[in-house]
Amino acid sequence: MKRISLTQYLIEEQRLNNSIPAELRLLIEVVARACKTISHAVGKGALGDVLGTAESENIQGEIQKKLDIISNEILLQANEWGGHLAAMASEEMETIHPIPNRYPKGEYMLLFDPLDGSSNIDVNVSIGTIFSVLKAPDGMATPTEEDFLQPGTKQVAAGYAVYGPQTVLVLTTGNGVHSFTLDREMGSWVMTQRNMQIPAETAEYAINASNARYWYPPVTRYIGELEAGKTGPRSKNFNMRWVASMVADVHRILNRGGIFMYPADQREPDKPGKLRLMYEANPMSLIIEQAGGAATDGKQRILDIQPTTLHQRVAVFLGSRNEVEMVTRYHTEE
Ligand code: P6P
């Protein structure tokens, strides 16, 4: 495959599909540059005094890691001045972040989980940044939280950066899913996979199995059939992986198939799941669908969900289409 830069891809995409207006191209390049900076900070580890917890909690009531806050600041500062955004929203901030009046405003809104998988930071396991781009409603004067509450089908771009053995940016603007590996010597993102496709079939699943006693029957039934292996109803053996970094699990699934599940469970019956809709499930679901996979909350397509609050949570079943359809069917058969 011809090795082209992220910039060249975005310009060629604009020429071919007219799907990436200049302001959106600037937004994507600014976010990609911020991910380079985050990768650099993450890579310092103990040498950079960036490990460990900050003395604060986020809106989710989770203790924030220093790198959560550092990554959030990197994304805010990188995107404030460019004139491409009207507002931002983040897992690490309770309310939306309007662009300060001293800067021009644009027509896009950026949502992100600046550093997902924080529990892995201090033990050197892959983590990542997830982002989602929406258009500001026509005629929006002062952005409010309600302006962000658009279903995932309205995303104009979505992506993630995974900080692992390589730093890789995965991006969709609605015309397939492509990956770009960070060339650290040149400091540039180089396309390494074009039109990634998830196999419809798989023999690998991802779930935190320590919650098994809390699962609802459809999940217990589905996982039980996978665990029964060759002699069970699926007539084949399955493997399990759980990185506890959604970005790392999704990246593996994009590359070799699989199904990722974070279901609602009986620990907190009022809680629809752990993962957040707006800046985790929606961007990942758009990427998965663009790569030929499927993503539901057990009952409906995640991208069709009409959000009601910025930080709402959702159950997630995503990956190889045939498996997602099967576990979703078990929920609807209930
Ligand atoms: P658990 C990370 O904290 C995260 O939000 C996702 O990246 C990951 O898939 C999930 O939570 C892990 O949750 O309950 O297994 O620690």
Query raised in the report: Do we find a residue being crowded, with 17+ Cβ neighbours inside 10 Å, part of a loop (DSSP other than H, G, I, E, B) and within 16 Å of the ligand (Cβ to nearest atom) anywhere in segment 64-81?
Result: no
Report summary line: In segment 101-130, residues that are within 13 Å of the ligand (Cβ to nearest atom), assigned to a loop (DSSP other than H, G, I, E, B) and at pLDDT below 95 total 1
Requested in this report: Can you confirm whether segment 267-288 contains a residue that is touching a Leu at 6+ places or on another chain (Cβ under 7 Å), open to solvent by 10 Å² or more (accessible area, probe 1.4 Å) and more than 16 Å from Y205 (Cβ to Cβ)?
Outcome: yes
Query raised in the report: Which members of segment 1-13 meet the condition of being open to solvent by 10 Å² or more (accessible area, probe 1.4 Å) and in a helix (DSSP H, G or I)?
Result: T7, Q8, I11, E12, E13
Query raised in the report: Conditions: (1) farther than 19 Å from E91 by Cβ; (2) assigned to a loop (DSSP other than H, G, I, E, B); (3) among the hydrophobic types (A, V, I, L, M, F, W, C). L310 meets all but one. Number of the miss?
Result: (1)
Report summary line: Per the filter on segment 272-307, residues among the aliphatic types (A, V, I, L, M) and assigned to a helix (DSSP H, G or I) are L277, M278, A281, M284, L286, I287, I288, I302, L303
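The rows are residues; the columns are (1) assigned to a loop (DSSP other than H, G, I, E, B); (2) open to solvent by 30 Å² or more (accessible area, probe 1.4 Å); (3) within 16 Å of the ligand (Cβ to nearest atom); (4) in contact (Cβ under 8 Å) with a residue 12 or more places away in the chain.
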| residue | (1), (2), (3), (4) |
| --- | --- |
| M186 | yes, yes, no, no |
| I198 | yes, no, no, yes |
| E201 | yes, yes, no, yes |
| S210 | no, yes, yes, no |
| R221 | no, yes, no, yes |
| R234 | yes, yes, no, no |
| N237 | yes, yes, no, yes |
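Kindly indicate whether any position in segment 18-32 is part of a strand (DSSP E or B) and in contact (Cβ under 8 Å) with a residue 60 or more places away in the chain.
Restricting attention to segment 18-32, the residues satisfying the condition of being part of a strand (DSSP E or B) are none.
No, segment 18-32 has no match at all.
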Query raised in the report: Taking the stated definitions as given, is Y214 buried (at least 21 other Cβ atoms within 10 Å of the Cβ), touching a residue at least 24 places away in the same chain (Cβ under 8 Å) and more than 20 Å from the chain's Cα centre (by Cα)?
Result: no
Query - Hits in segment 239-266 - residues which are touching a residue at least 40 places away in the same chain (Cβ under 8 Å) and either open to solvent by 80 Å² or more (accessible area, probe 1.4 Å) or of a type in the set (S, T, Y) (or both) - result: S245, R256, Y262, Q266
Report task. Being open to solvent by 20 Å² or more (accessible area, probe 1.4 Å) and touching a strand residue (DSSP E or B) at 6+ places or on another chain (Cβ under 8 Å) is the filter; apply it to segment 103-134 and report the residue that is nearest to L169 (Cα to Cα). Result -> S126
Requested in this report: Name the residue, out of L16, L26, that is surrounded by fewer than 21 Cβ atoms within 10 Å (Cβ to Cβ), closer than 24 Å to T192 by Cβ and touching a His at 6+ places or on another chain (Cβ under 7 Å).
Outcome: L26
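Would you check which residues across segment 59-86 are polar (S, T, N, Q) and at pLDDT below 95 and list them?
Scanning segment 59-86 gives Q60, Q64.
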Query raised in the report: How many residues are within 15 Å of the chain's Cα centre (by Cα) and either of a type in the set (S, T, N, Q) or within 23 Å of T220 (Cβ to Cβ) (or both) if we restrict to segment 260-292?
Result: 9
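The values are calculated or read from the model by the stated rules, or taken from the named source; none is laboratory data. Only a predicted model underlies this, so the values are computations on that prediction, with no experimental measurement involved. Cβ atoms come from the backbone with ideal geometry, glycine included; neighbour counts cover every protein chain shown. Keep in mind that these areas ignore ligands, DNA and RNA; they rest on the heavy atoms of the full protein, side chains included. Shrake-Rupley method; radii C 1.70, N 1.55, O 1.52, S 1.80 Å.
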